[in-house]
Amino acid sequence: MALFDLSLEELREYRADSAEPADFDAFWSKTLQQAREHDLDVRFEPVDTGLATVRVFDVTFAGYGGHPVKAWLTLPAAATEPVPLVVEFVGYGGGRGLPHEHLLWASTGRAHFVMDTRGQGSAWGGGGGTADPVGAGPAFPGFLTRGIDAPENYYYRRVFTDAVRAVEAARSHPLTDAARTVALGASQGGGITIAVGALVPDLVAVAPDVPFLCDFPRAATLTDRHPYREIGLFLKTHRGRTQDALRTLSYFDGVHFASRGSAPALFSVALEDQTCPPSTVFAAFNAWAHEDRTIEVYDFNDHEGGGPYHEAAKMRWLRSYA
């Protein structure tokens with residue numbers, strides 16, 4: 001599809017008008033405080049992968065509610081001293097996959113920690129292995145409306161909390177340099193990255209690619225592509241609940257997290273992206289609080305964004321930070 005959203009000039013000036021909850025900070029402070037009442041209980045089990053240039057650990061740590069969350073930690077085989085750390089979050093429907101799917105960042109001399117996404121990991125890639133043991137009320141198939149009746153019950157409260165705990169777990173390994181920690185991810189992983197960039201105050205950089213979970217009020221009415229379409233289809237059946245749903249979503253909107261972003265950021269956006277429309281990405285980018293921010297624009301791409309070209313851009317960009 002050709003361009004369907006605002007012009008690039010308008011995108012650079014666009015600001016979301018979604019309402020931020022007055023207790024946004026208190027909600028997240030309480031959520032993380034409750035999570036930290038559980039011991040992190042992180043375990044690193046060496047895995048024989050047959051890979052010669054890296055060492056891989058099968059990781060389990062306690063996320064939201066103390067629930068076990070899986071991850072992979074991949075280290076350069078020659079590392080004997082702490083190395084910079086890249087924590088990655090994955091796209092919608094995917095999981096941590098298999099170790100050989102994640103060789104890029106360890107190949108640059110960094111430690112790489114990729115978090116499984118609870119309840120997902122069955123739509124693409126090598127799968128996942130983390131359950132989501134929390135029940136929820138009626139929802140449209142998918143994850144975007146699970147627990148949408150209240151912020152306390154919403155699915156992404158658990159995922160974002162898992163993500164903060166993932167950073168803590170990754171930093172606990174003796175060969176990762178906690179002072180040089182980067183968070184990154186694409187699509188859903190980009191949305192999670194934005195949240196982590198607000199909730200973890202001492203990251204050295206973040207890189208959200210074509211991020212999902214931003215500017216919900218606009219996204220839900222602008223695109224009919226999933227996953228955002230899950231919101232409209234839920235409300236098509238549950239008539240009269242729009243304002244309640246939007247209130248819940250406001251606690252998880254990347255725009256509100258972005259206004260608390262405390263690290264340098266490299267965003268990416270694709271101007272023909274119907275999955276994560278450009279204006280929703282720019283809404284978060286334009287709200288990003290740290291003055292060191294940049295965005296790579298891919299004019300004729302859909303949700304694949306910059307693909308390998310943007311991976312190269314991230315590698316160049318990160319040399320200045322970690």
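The values are calculated or read from the model by the stated rules, or taken from the named source; none is laboratory data. Computed from a predicted structure; not experimentally measured. When we count neighbours, we look across all protein chains shown, and the Cβ atoms used for this are built from the backbone with ideal geometry, even at glycine. Ligands, DNA and RNA are stripped out before the accessible areas are found, and what is left, the full protein with its side chains, is counted by its heavy atoms. Shrake-Rupley method; radii C 1.70, N 1.55, O 1.52, S 1.80 Å.
Let a ≥ b ≥ c be the square roots of the eigenvalues of the Cα gyration tensor of the range 274-322; is it rounded (a/c under 1.5), or, if not, prolate (a/b larger than b/c) or oblate? The shape class here is oblate. Taking all protein chains together and a 1.4 Å probe, the residues MET115, MET315 rank MET315, MET115 from largest to smallest accessible area. Springs between Cα atoms under 10 Å define the GNM used for the chain, and in it the highest mean-square fluctuation of ALA139, ALA219, ALA207 occurs at ALA139. Please say if the range 1-65 is rounded, prolate or oblate, where rounded means a/c under 1.5 for a ≥ b ≥ c the square roots of the C-alpha gyration tensor eigenvalues, and otherwise the choice is prolate for a/b larger than b/c and oblate otherwise? Verdict is oblate for the range 1-65. Heavy-atom accessible area with a 1.4 Å probe sorts LYS30, LYS70, largest first, into LYS30, LYS70. Taking label points 7 Å from Cα along the Cα-to-Cβ direction, ALA136 and ASP39 give a separation of 3.1 nm. Below 10 angstrom from the Cβ of THR60, what's the summed charge of the other residues (Lys, Arg +1; Asp, Glu -1)? Neighbourhood net charge equals -2. Ignoring ligands, DNA and RNA, please state the percent of accessible area on the range 214-292 from carbon and sulfur, probe 1.4 Å. Accessible surface attributable to carbon and sulfur in the range 214-292 totals 46 percent.
Computed with a 1.4 Å probe on the full set of protein chains, the accessible area for THR53 sits at about 100 Å². If I fit a long axis through the Cα atoms of helix 155-171 and take the longest principal axis of the Cα atoms of the chain, what angle between them do I get, 0 to 90°, rounded to 10? That works out to roughly 20 degrees. The residues of the chain present an accessible area of 40 Å² per residue when probed at 1.4 Å with all protein chains retained.
The string of couplings for the range 26-32 from the Karplus curve (6.51, -1.76, 1.60, θ = phi - 60°) is 5, 4, 6, 4, 5, 4, 6 Hz, one whole number per residue in order, with x for Gly and Pro. Taking only protein heavy atoms and a 1.4 Å probe, the accessible area of the range 71-205 is 57% carbon and sulfur.
Hey, what angle do you get for helix 307-318 against the long axis of the chain, alpha-carbon based, 0 to 90 degrees rounded to 10? So the inclination is approximately 60 degrees.
Packing order of peptides 19-26, 256-263, highest average first: 256-263, 19-26 (average count of other Cβ atoms within 10 Å over each peptide's residues). Figure note: ARG316, ARG110 ranked by solvent-accessible area, largest first, 1.4 Å probe, ligands and nucleic acids not counted: ARG316, ARG110.
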